[in-house]
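Worksheet for the structure shown next.
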Amino acid sequence: MAKIVNPDQEKIKYANNRRILHLLIKRRELSKQEISRITRISITTVAGNINRLIEDNLAEEAGVADSTGGRKPMIIRFLPDARYAFGVDFASNHLTASNKIKVVLINLDAEVRDQEIFDYNKFSSINEIMYYLKDLTKDITERNNIRVKNILGIGFALPGPVNENKKILELAPNLAASLGMKNVNFKNYENLFPFPIFVENEANAASYGELMLGTAQHKHNLVYLSINRGIGAGLIVRGHIYKGNNRRAGEVGHMTVASNGVLCTCGRKDCWEIYAASGALIRKFNKQSERKITDTKQFLEKLKSRNPDAVEIWDKYLDYLALGINNIILSFDPHYIIIGGEISEFNSMLIEPLQERIFKNNSFYGRSDLQILLSHLRKDASLIGAALLPFQKLFYGNNKII
Ligand SMILES: [Zn+2]
């Protein structure tokens with residue numbers, strides 16, 4: 001006779017298992033008795049779960065604790081280097097003029113164990129890049145003496161709408177057209193790697209990173225704005241990434257914010273990112289000034305040295321940035337607006353003047369109603385978020401997407 005599985009019991013079993021693992025990750029070392037006391041899970045269940053974690057090499061016995069009497073309890077220690085994951089960020093340009101792809105290897109504590117950065121201009125197709133990544137991840141795995149079976153996957157942060165189930169990047173207007181970044185099916189590359197592939201929109205990946213490790217760990221409603229050469233938003237609702245009916249929510253960079261007739265890479269006119277993405281600063285500066293610049297970092301230097309053109313452009317830029325953020329606040333009423341991407345490098349020159357504009361003459365919101373913050377993980381948020389995707393199953397069992 002087939003064994004009847006009670007779904008509720010399975011759920012409870014699973015929830016206990018995750019609670020014990022999360023507690024151990026947080027506290028690092030605990031005895032089974034302490035785990036049982038804190039979680040109020042029976043000592044027998046705790047012992048069974050701990051045995052499984054030890055079998056999976058996620059924890060080890062680490063000597064005995066002091067005891068006030070009776071048998072001394074065994075200390076159980078979490079092992080963060082039990083599993084690894086790769087993250088790849090196609091989106092960030094790391095304040096440089098050239099187009100970079102960054103690859104990172106992290107452990108279960110999201111500590112970076114190794115990283116590489118390379119220029120994608122030397123490749124003529126996404127195929128070539130994926131083959132290069134195949135060799136690169138193999139090298140990184142070998143030089144760190146990591147067993148392939150302990151790598152849970154490779155996560156990609158991609159600059160455009162992504163269907164994470166079908167593993168398709170639908171469109172990437174800001175990536176070089178020569179790479180053919182339209183309807184890229186990452187399932188075609190699954191056989192290249194000895195571990196699973198995960199894909200996510202870069203702003204969603206970054207917001208996931210912030211949710212797991214950064215600013216948003218306690219309050220769980222936020223809009224993460226990734227401001228690079230384009231603008232994307234990751235929407236977190238009660239701790240879940242909200243993606244919407246067609247999984248395209250958060251394409252806020254293409255909200256119409258003006259009526260000047262300026263054409264966007266998406267084919268529409270006067271999209272927010274034309275005025276408020278970091279590329280706008282370079283474009284406007286080069287139009288206005290004799291001395292040309294090639295990247296955002298150079299603009300930041302001009303601004304710091306109070307170059308009059310840079311100061312004037314920055315002032316107007318902040319007006320547009322505030323305009324879009326106000327629309328977002330009115331739509332979502334979040335706990336936090338978190339600003340990431342390369343614009344977060346502008347630090348204090350950004351946040352205070354931006355808040356001033358957002359809350360000035362604002363009859364709906366005041367400063368105490370929400371927080372506008374810089375990304376905790378800064379320009380690496382999407383990269384780290386991508387690398388965390390393969391850990392989702394281990395930590396949560398299901399992905400946190402609604
Ligand atoms: Zn557009």
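Tell me, which helices (runs of 4 or more DSSP H) wholly within segment 268-353 include 2 or more residues that are closer than 24 Å to Arg367 by Cα and within 16 Å of the ligand (Cβ to nearest atom)?
Numbers: elements: 272-276, 278-288, 296-304, 308-332.
Counting at least 2 such residues, we get 272-276, 308-332.
Determine whether Thr265 is out of contact with any Cys (no Cβ under 8 Å at 6 or more places or on another chain), within 16 Å of the ligand (Cβ to nearest atom), at pLDDT below 90 and β-branched (Val, Ile, Thr). Spell out the reasoning first.
Working: out of contact with any Cys (no Cβ under 8 Å at 6 or more places or on another chain): yes; within 16 Å of the ligand (Cβ to nearest atom): yes; at pLDDT below 90: yes; β-branched (Val, Ile, Thr): yes.
Judged against the criteria, Thr265 is a match.
Which of the numbered conditions does Glu251 fail, given that it passes all the others? Conditions: (1) closer than 21 Å to Pro353 by Cβ; (2) surrounded by 18 or more Cβ atoms within 10 Å (Cβ to Cβ).
For Glu251, the exception is condition (1).
Would you pick out the residues in segment 364-375 that are in contact with a strand residue (DSSP E or B) (Cβ under 8 Å, 6 or more places away or on another chain) and surrounded by fewer than 20 Cβ atoms within 10 Å (Cβ to Cβ)? Before the answer, list the steps.
Initial filter on segment 364-375 (in contact with a strand residue (DSSP E or B) (Cβ under 8 Å, 6 or more places away or on another chain)): 370-375.
Within segment 364-375, Gln371, Leu373, Leu374 qualify.
Looking for something aliphatic (A, V, I, L, M), within 16 Å of the ligand (Cβ to nearest atom) and either within 18 Å of Gln392 (Cβ to Cβ) or at pLDDT below 85 (or both) - is there at least one such residue anywhere in segment 200-218? Steps first, please.
So in segment 200-218, the residues aliphatic (A, V, I, L, M) come out as 203, 205-206, 211-213, 216.
Going one step further and asking which of them are within 16 Å of the ligand (Cβ to nearest atom), we end up with 203.
Still in the running and either within 18 Å of Gln392 (Cβ to Cβ) or at pLDDT below 85 (or both): 203.
So far as segment 200-218 goes, yes, one or more of its residues are aliphatic (A, V, I, L, M), within 16 Å of the ligand (Cβ to nearest atom) and either within 18 Å of Gln392 (Cβ to Cβ) or at pLDDT below 85 (or both).
Rundown of residues vs (1) out of contact with any strand residue (DSSP E or B) (no Cβ under 8 Å at 6 or more places or on another chain); (2) over 29 Å from Ile154 (Cα atoms); (3) modelled with pLDDT under 90, yes/no style:
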{"residue": "Asp315", "(1), (2), (3)": "yes, yes, no"}
{"residue": "Leu323", "(1), (2), (3)": "yes, yes, no"}
{"residue": "Ile328", "(1), (2), (3)": "no, yes, no"}
{"residue": "Asp333", "(1), (2), (3)": "yes, yes, no"}
{"residue": "Gln355", "(1), (2), (3)": "no, yes, no"}
{"residue": "Ala387", "(1), (2), (3)": "no, no, no"}
{"residue": "Lys393", "(1), (2), (3)": "no, no, yes"}
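Restricting attention to segment 254-284, which residues are surrounded by fewer than 20 Cβ atoms within 10 Å (Cβ to Cβ) and of a type in the set (Asp, Glu)?
Correct list: Asp270 only.
Report every pair of residues separated by at least 6 positions or lying on different chains whose Cβ atoms are under 8 Å apart, first residue within segment 353-370 and closer than 18 Å to Ile339 by Cβ, second part of a loop (DSSP other than H, G, I, E, B).
Listed by first residue and then by second, the contacts come to Gln355/Arg367; Ile358/Tyr365; Phe359/Tyr365; Phe359/Gly366; Phe359/Arg367; Leu370/Asp333; Leu370/Pro334; Leu370/His335.
Of the residues Lys166, Lys187, Lys149, which single one is modelled with pLDDT of 80 or more, more than 20 Å from Leu388 (Cβ to Cβ) and in a helix (DSSP H, G or I)?
Numbers: Lys166 fails: in a helix (DSSP H, G or I); Lys149 fails: more than 20 Å from Leu388 (Cβ to Cβ).
Sole residue among the options that is modelled with pLDDT of 80 or more, more than 20 Å from Leu388 (Cβ to Cβ) and in a helix (DSSP H, G or I): Lys187.
Can you tell me which residue is nearest to the ligand (Cβ to nearest atom) among those in segment 224-241 that are buried (at least 19 other Cβ atoms within 10 Å of the Cβ) and assigned to a loop (DSSP other than H, G, I, E, B)?
Gly230
Just checking, does segment 300-310 include any residue being in contact with an Asp or Glu (Cβ under 8 Å, 6 or more places away or on another chain) and either surrounded by fewer than 18 Cβ atoms within 10 Å (Cβ to Cβ) or not hydrophobic (A, V, I, L, M, F, W, C) (or both)?
The initial filter retains those residues of segment 300-310 that are in contact with an Asp or Glu (Cβ under 8 Å, 6 or more places away or on another chain), namely 300, 302.
Imposing the further condition that a residue be either surrounded by fewer than 18 Cβ atoms within 10 Å (Cβ to Cβ) or not hydrophobic (A, V, I, L, M, F, W, C) (or both) reduces the set to 302.
The answer is yes; a qualifying residue exists.
Could you grab me the full set of residues in segment 242-258 that are assigned to a loop (DSSP other than H, G, I, E, B) and either within 14 Å of the ligand (Cβ to nearest atom) or β-branched (Val, Ile, Thr) (or both)?
Just the residues of segment 242-258 that are assigned to a loop (DSSP other than H, G, I, E, B), to begin with: 242-251, 255, 257-258.
Once the filter is applied, which keeps residues that are assigned to a loop (DSSP other than H, G, I, E, B) and either within 14 Å of the ligand (Cβ to nearest atom) or β-branched (Val, Ile, Thr) (or both), segment 242-258 yields Arg248, Gly250, Glu251, Met255, Val257, Ala258.
Looking at (1) buried (at least 18 other Cβ atoms within 10 Å of the Cβ); (2) in contact (Cβ under 8 Å) with a residue 60 or more places away in the chain, find the lone condition where Ile313 falls short.
Failed condition: (2).
The values are calculated or read from the model by the stated rules, or taken from the named source; none is laboratory data. Bear in mind the structure is a predicted one, so any value in this text is a computation, not a measurement. Every residue, glycine among them, receives a Cβ derived from its backbone with ideal geometry; neighbour counts consider all protein chains shown.
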